[in-house]
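Note sheet for the following structure.
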Amino acid sequence: MFSRAEIHKGMKVRGNDGHAIGRIIDITEKELIVEKGLLRRHDFAVSFDDVTEVLHGEVVLRHGRDSLFSAPREVPPVEH
């Protein structure tokens with residue numbers, strides 16, 4: 001179980017398989033905006049419903065990165 005208050009910009013995001021997915025660059029009322037990649041950067045939205053826990057300062061999702069990237073909801077780049 002987690003509280004939304006535990007989640008903040010800059011946190012790493014991992015899939016349930018343990019693989020790093022990216023880091024949070026923005027937070028909306030319903031979603032986390034996650035940045036993936038350094039050179040070929042993509043920003044995408046992850047619903048709070050997809051978060052299972054906050055563990056050791058990282059957000060853990062209920063699915064792995066492969067299922068997330070098979071149908072991501074990309075968003076326009078966020079200026080930060």
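What follows is calculated from the coordinates using simple rules that are stated; it is not laboratory data. As the structure is a computational prediction, the values presented were derived from the model and not from experiment. Quick reminder, even Gly has a Cβ in these numbers, built from the backbone with ideal geometry, and neighbours come from all protein chains shown.
Brief remarks on what is shown
- Burial ordering of THR52, THR28, fewest other beta-carbon atoms within 10 Å first: THR28, THR52
- Against the empirical curve 2.2 N^0.38 Å, the C-alpha radius of gyration of the range 4-75 lands at a ratio of 0.97.
- Long-range amide H partners of GLY22 with built H, under 5 Å: VAL13
- Nitroxide proxy distance, nm - points 7 Å out along Cα→Cβ at HIS56 and LEU38: 2.1
- Working note: Karplus 6.51/-1.76/1.60 with θ = phi - 60° gives the range 6-14 the couplings 6, 9, 8, 4, x, 6, 6, 10, 10 Hz, where Gly and Pro are set to x.
- If the segment from MET1 to ALA20 were pulled out straight at 0.36 nm per residue, it would be longer than the present Cα-Cα gap by 4.8 nm.
- Here the simple spin-label model places points 7 Å from the Cα toward Cβ, and for ILE27 and LYS12 these points are separated by 1.9 nm.
- Karplus-derived 3J(HN,Hα), 6.51/-1.76/1.60, for each residue of the range 49-58, Hz, glycine and proline x: 5, 7, 8, 9, 6, 10, 10, 6, x, 10
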